[in-house]
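The values are calculated or read from the model by the stated rules, or taken from the named source; none is laboratory data. Worth saying up front: this structure is predicted, and the values here are computed from it rather than measured. Every residue, glycine among them, receives a Cβ derived from its backbone with ideal geometry; neighbour counts consider all protein chains shown. Quick note on the areas: whole protein, heavy atoms, side chains included, nothing else; ligands and nucleic acids left out. Shrake-Rupley method; radii C 1.70, N 1.55, O 1.52, S 1.80 Å.
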Amino acid sequence: MKVSRIIINGIIIFIGIAAFFLIMEVSGLADNIYLRLVNFIFVIYGVNRTIKQDYKDGIDGYFTNLSSAFLTAFTSLILTIFAFIAYAEYRGGEAYLDTFVENYIFGGDPSLYQFCIGLFIEGLAACAIVSFALMQYWKDKVEKINKVDDAAHN
């Protein structure tokens, strides 16, 4: 597990998500909940990139790569939450947040920080799901490659 790889790929995910949401904001589509789900593409890309680079470098431990994948997604989650807090404060704080709350599953009238705690919990679940799913994909892929290599050597 390389910390620099985790941080770089986490930053790549963050830049993709931030650019996507800014484009949605400018184009007036920020309230479309289905478009918000597209951010998974950036998370999948960055986490997959980390796992792929780990295997390329010979780091093939399942839990090592699962941890690396999760930490990549977690890095982007932390950066994204702090950036959202700064952006929401810049745009008016609670008044700006009111435009988001009605389109999320959170109930009531949360403060900015309560909203971000909800996003954090949602993000942790997404980190775990994406990391585990991609590790299953890579585990099967690497096992097939190893079987072919073993057959070639015998």
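For Ile11, the conditions (1) modelled with pLDDT under 95; (2) surrounded by fewer than 20 Cβ atoms within 10 Å (Cβ to Cβ) all hold with the exception of (1).
Each row is one residue, and each column tells you yes or no for (1) open to solvent by 50 Å² or more (accessible area, probe 1.4 Å); (2) basic (Lys, Arg); (3) more than 25 Å from Lys141 (Cβ to Cβ).
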{"residue": "Ile6", "(1), (2), (3)": "no, no, no"}
{"residue": "Ile15", "(1), (2), (3)": "yes, no, yes"}
{"residue": "Ala18", "(1), (2), (3)": "no, no, yes"}
{"residue": "Val26", "(1), (2), (3)": "yes, no, yes"}
{"residue": "Ala30", "(1), (2), (3)": "no, no, yes"}
{"residue": "Asp54", "(1), (2), (3)": "no, no, no"}
{"residue": "Ile81", "(1), (2), (3)": "no, no, yes"}
{"residue": "Thr99", "(1), (2), (3)": "yes, no, yes"}
{"residue": "Asp109", "(1), (2), (3)": "yes, no, yes"}
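Once the stretch 56-70 is narrowed to residues that are of a type outside the set (D, E, K, R) and surrounded by 13 or more Cβ atoms within 10 Å (Cβ to Cβ), the residue that is nearest to Val3 (Cα to Cα) is Ser68.
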